[in-house]
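Notes follow the structure.
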Amino acid sequence: MAASSSGYSRMFFKLRKYANKSQSLYHIDSFNVVIRTIWTSGSKTQLQPKVHTKSLPQMVGVVGLEIHAQIQSTSKLFSGSHVRFLAPPNSLVSHFDASLPGTLPVLNRRCVAAAVLTGLALNCTINRKSLFDRKHYFYADMPAGYQITQQRVPIAVNGMLVYSYFEGRRRNQVVTKSVKIKQIQLEQDSGKSLHDDERSQTLIDLNRAGVGLMELVMEPEMCCGEEAAAAVRELQLILQALGTCQANMAEGQLRVDANVSVHRPGEHLGVRTEVKNINSVRHLAKAIDYEIQRQMEVLQSAGKVLNETRAFDSKSGNTIPMRDKEGLQDYRFMPEPNLPPLFVYDSEASVPAGIDPAQVVVIERLSGQLPELPSVKRTRLVETYGILQEHSFTLVNEDGLIDYFENVVQTTKAEPRKVIGWVIKELIGNLNSQNLKVSQSPISPCALAELINLVESGHISSSTAKQVFQEMWKAPEKTVGQIVKEQDLWMINDKEELQKICKRIVDSHPEEVQIIRGGNKKVLNKLMGEVQRETKGRTDPVQIRAILEKMVS
């Protein structure tokens, strides 16, 4: 026991000695040795151990889209009922749409052709044989208790959508990406449930029931709301160019469901949530970005992301839960017994004997109907007119603006780069301020070309032309020449008169003249501004600068 006690004492003494050397604080008692180190500035560098930690990669968002595009057709997918927005409730409902017993579906050839044409534009493989299925679920606005869709073999698969968006401080750097399209399938729409909270009842409108839809499923290859919004916007332009869908999201012609999850690169994809029925591109970007941030915060606080359906509240900018999807819903898919397989043919020569080629869908015929697509238009505009790439996006995005721009270019003597400035700044600026379409512009392409020609010929200045533009907007019945003459806006080209005006300005600003003569040439701009003010912008700035420089030298 004595030997043991002696050994402990020696260890105790060594620890105290070590404590004095290292300038550390220790608490030592006779039974336990508890060491607590407080490093001083001198000891920290020498004694603190280096700990190498590998930080985890930052979480990123993963976004896939399911898009329902209403096919532009005069009648529904399986019935002859008309399709019209804002028709009186239940005024466009056939017996088949109401699912009355004994009614059978008759496939609309126009809808099939629209789906094939869309598939071709999106570089899809067109299935020569596709099948229809029943997807069972029970809502009051689905009177049959099932939806006819294409679950097993859709009409088009394995496509690709190329889209672009802008980034950088000035938003002028074009980033181009692509997303795979898993499939395009034909299916019928449901009716609408209109909830009356005051009377605690739900009303059903079946006008939309049976309207033809194309469901486009995009793979989860996007990472944020901006990318998803750009992809949807490009798809809108393609569908509108094809004429297969008007793609007006405000009228429900294009509805987007976003599947959103987060994970760390290299790990498995996280649990996804589905944000349903987003009705604008701007709301789509906000909903996805909010949901990505929400899921990251849940995981960082050791929570669990639920597999659920959520809705986007545009007022709060948040997504709110609707229902959970943890229990796998059984839609009891089964082949549609009342519809045979759907066949499309490569060419008229491949149509079987006894079948009228005019009554079937022929891929070769539809390929020849493909219009100039938005990406091709943008490239052509840049190469043909030498405009900036971002301006080509503006021209393509606004319906009718390309035709307007090209009509002005063909009529005026000015370079296209000057014309695009008038179209983007003046025309679009005024249209946006009054929420008008290009087709509603009070200034025609010919009138704008006439105005630009007066600037190019030196009859009016560019600043005066902007004044005239605003007058033309207010009084479109007046010609450019009438406005210029009435307001006496013709350019002052008489050299003697210009000399007198400049002399008057120089004489009335002696202090500025002395500063300029002292070496500060920037003050000359003030004198030029005074000349422009006196002449109401009816002088050539280059000519005025030359006269003033000579006078003050």
Return yes when Ile501 is surrounded by 13 or more Cβ atoms within 10 Å (Cβ to Cβ), over 26 Å from Leu388 (Cα atoms) and not assigned by the TED database to the domain that holds Glu398 and no when it is not. yes
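Using the structure shown, decide if Asn248 is without any contact (Cβ under 8 Å) to a residue 40 or more places away in the chain and under 23 Å from Arg128 (Cβ atoms). Show your work before the answer.
Numbers: without any contact (Cβ under 8 Å) to a residue 40 or more places away in the chain: yes; under 23 Å from Arg128 (Cβ atoms): no.
So Asn248 does not fit the description; no.
Matching residues to (1) crowded, with 17+ Cβ neighbours inside 10 Å; (2) among the basic types (Lys, Arg); (3) within 30 Å of Leu120 (Cα to Cα); (4) in the same structural domain as Gly421 (by the TED database):
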residue: Ala302; (1), (2), (3), (4): no, no, no, no
residue: Asn307; (1), (2), (3), (4): no, no, no, no
residue: Ser316; (1), (2), (3), (4): no, no, no, no
residue: Ser350; (1), (2), (3), (4): no, no, yes, no
residue: Val361; (1), (2), (3), (4): yes, no, yes, no
residue: Leu366; (1), (2), (3), (4): yes, no, yes, no
residue: Glu383; (1), (2), (3), (4): no, no, yes, yes
residue: Ile402; (1), (2), (3), (4): yes, no, yes, yes
Would you call Val62 part of a loop (DSSP other than H, G, I, E, B) and either touching a residue at least 24 places away in the same chain (Cβ under 8 Å) or among the acidic types (Asp, Glu) (or both)? no
Determine whether Arg332 is at pLDDT below 95, assigned to a strand (DSSP E or B) and in contact with a strand residue (DSSP E or B) (Cβ under 8 Å, 6 or more places away or on another chain). no
Of (1) open to solvent by 40 Å² or more (accessible area, probe 1.4 Å); (2) part of a strand (DSSP E or B), Val262 satisfies every one except (1)
Looking only at the stretch 102-141, how many residues end up being more than 12 Å from Ala156 (Cβ to Cβ), open to solvent by less than 10 Å² (accessible area, probe 1.4 Å), not aromatic (Phe, Trp, Tyr) and not in a helix (DSSP H, G or I)? 1
For the stretch 273-289, name all the residues that are in contact (Cβ under 8 Å) with a residue 40 or more places away in the chain and out of contact with any Cys (no Cβ under 9 Å at 6 or more places or on another chain). Thr273, Glu274, Val275, Lys276, Val281, Arg282, Leu284, Lys286, Ala287
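Out of Val513, Val531, Val506, report the one residue that is under 24 Å from Glu456 (Cα atoms), modelled with pLDDT of 85 or more, open to solvent by less than 50 Å² (accessible area, probe 1.4 Å) and not small (Gly, Ala, Ser). Step through it out loud before you land on a result.
Values: Val513 fails: under 24 Å from Glu456 (Cα atoms); Val506 fails: under 24 Å from Glu456 (Cα atoms).
One residue alone meets the criteria, Val531.
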Considering only the stretch 290-306, I want to know if a residue exists there that is touching a residue at least 40 places away in the same chain (Cβ under 8 Å) and closer than 30 Å to Ile148 by Cβ. no
Being small (Gly, Ala, Ser) and either surrounded by 17 or more Cβ atoms within 10 Å (Cβ to Cβ) or under 31 Å from the mean Cα position of the chain (by Cα) (or both) is true for just one of Ser444, Ser457. Which residue is that? Ser444
Please give the number of the condition Arg323 fails out of (1) open to solvent by 70 Å² or more (accessible area, probe 1.4 Å); (2) in contact (Cβ under 8 Å) with a residue 60 or more places away in the chain. (2)
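The values are calculated or read from the model by the stated rules, or taken from the named source; none is laboratory data. These numbers come from a predicted model, not from an experiment. Glycine gets a Cβ as well: all are built from the backbone with ideal geometry, and neighbour counts include every protein chain shown. Each accessible area value is taken on the protein alone, full model and side chains, heavy atoms only, with ligands, DNA and RNA left out. Shrake-Rupley method; radii C 1.70, N 1.55, O 1.52, S 1.80 Å.
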